[in-house]
Amino acid sequence: MARARRHDPDRRQRIVDAALRVVGRRGIAGLSHRTVAAEADVPLGSTTYHFASLDELLVAALRQANEGFARTLRESGALADPGADLAGELAGLMGEWLAGARTGVELEYELYLAALRRPALRPVAAEWTDGVTEVLTRRTDPVTARALVALMDGICLQVLLTDTVYDAEYAREMLARVLAPTAAALPPVERPTGGAVPSSVPPEPPRNPTDT
């Protein structure tokens, strides 16, 4: 008599959760269908049934990991209050995120940066950038929002890669500079006419006809 198949609707999610734990402990190099199956306590065939390749499993893991900072940002009251100090609020949120479980933060970035070598992950990494940018457009324009995301990414990576202490005041100042309307304060650039190239040498004053 054939053995009845156990109903386990949450198995796929448990496999993704197990993959995140494996990567958190061993890095992406330690990820395999076998290690994930052992971690999730499921048959090996279950992992290959739900995820035919490791890239498919990594895509699901990265998409779930991406929710960490993005969820914190969406739930922030700073985005709903137009009078709030956006630079200060973002710097504070970054500090809270980096001060959390370091393994979780490093896990998110390890999966995020894995897109450098695994093209299948790049659309998911782009989803995170686009999603956070969209959230920030509640308070600023899309171009500035994307610049803020790039700056926050860079600051977080520096902290993680150099093992330095996160400086919230520095982060707030840099974010404020991106948000400041400096471009509007700059004088317009005078473009030369007739294809002439402006010279750094001042023009010679007109000569007096009597000076001969």
Count - residues of segment 41-85 that are more than 19 Å from residue 128 (Cβ to Cβ), outside any loop (DSSP other than H, G, I, E, B) and open to solvent by less than 10 Å² (accessible area, probe 1.4 Å) | 2
Out of the residues in segment 105-115 that are over 19 Å from residue 71 (Cβ atoms) and without any contact (Cβ under 8 Å) to a residue 60 or more places away in the chain, state the one that is farthest from the chain's Cα centre (by Cα).
-> 115
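Could you grab me the full set of residues in segment 164-182 that are β-branched (Val, Ile, Thr) and more than 14 Å from residue 151 (Cα to Cα)?
So in segment 164-182, the residues β-branched (Val, Ile, Thr) come out as 164-165, 178, 182.
Result: 164, 165, 182.
Taking segment 13-40 as the region of interest, how many residues are of a type in the set (Lys, Arg) and surrounded by 15 or more Cβ atoms within 10 Å (Cβ to Cβ)? Explain how you work it out, then say what you get.
Of segment 13-40, the ones of a type in the set (Lys, Arg) are 14, 21, 25-26, 34.
Okay, now just the ones that are also surrounded by 15 or more Cβ atoms within 10 Å (Cβ to Cβ), so 14, 21.
Counting residues in segment 13-40 that are of a type in the set (Lys, Arg) and surrounded by 15 or more Cβ atoms within 10 Å (Cβ to Cβ) gives 2.
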Considering each residue of segment 116-162, count those that are free of Cβ contacts under 8 Å to residues at least 12 places away in the same chain and in contact with a helix residue (DSSP H, G or I) (Cβ under 6 Å, 6 or more places away or on another chain), and give that number.
-> 2
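Within segment 100-112, identify whether any single residue is of a type in the set (Gly, Ala, Ser) and modelled with pLDDT of 85 or more, and answer yes or no. Break it down into steps so the answer makes sense when it comes.
Applying the first criterion (of a type in the set (Gly, Ala, Ser)) to segment 100-112 yields 100-101, 104.
When the remaining residues are screened for being modelled with pLDDT of 85 or more, the result is none.
So far as segment 100-112 goes, no, none of its residues is of a type in the set (Gly, Ala, Ser) and modelled with pLDDT of 85 or more.
The values are calculated or read from the model by the stated rules, or taken from the named source; none is laboratory data. Model, not experiment: these values are computed from the prediction. Every residue, glycine among them, receives a Cβ derived from its backbone with ideal geometry; neighbour counts consider all protein chains shown. These accessible areas exclude ligands, DNA and RNA; they are computed on the full protein's heavy atoms, side chains included. Shrake-Rupley method; radii C 1.70, N 1.55, O 1.52, S 1.80 Å.
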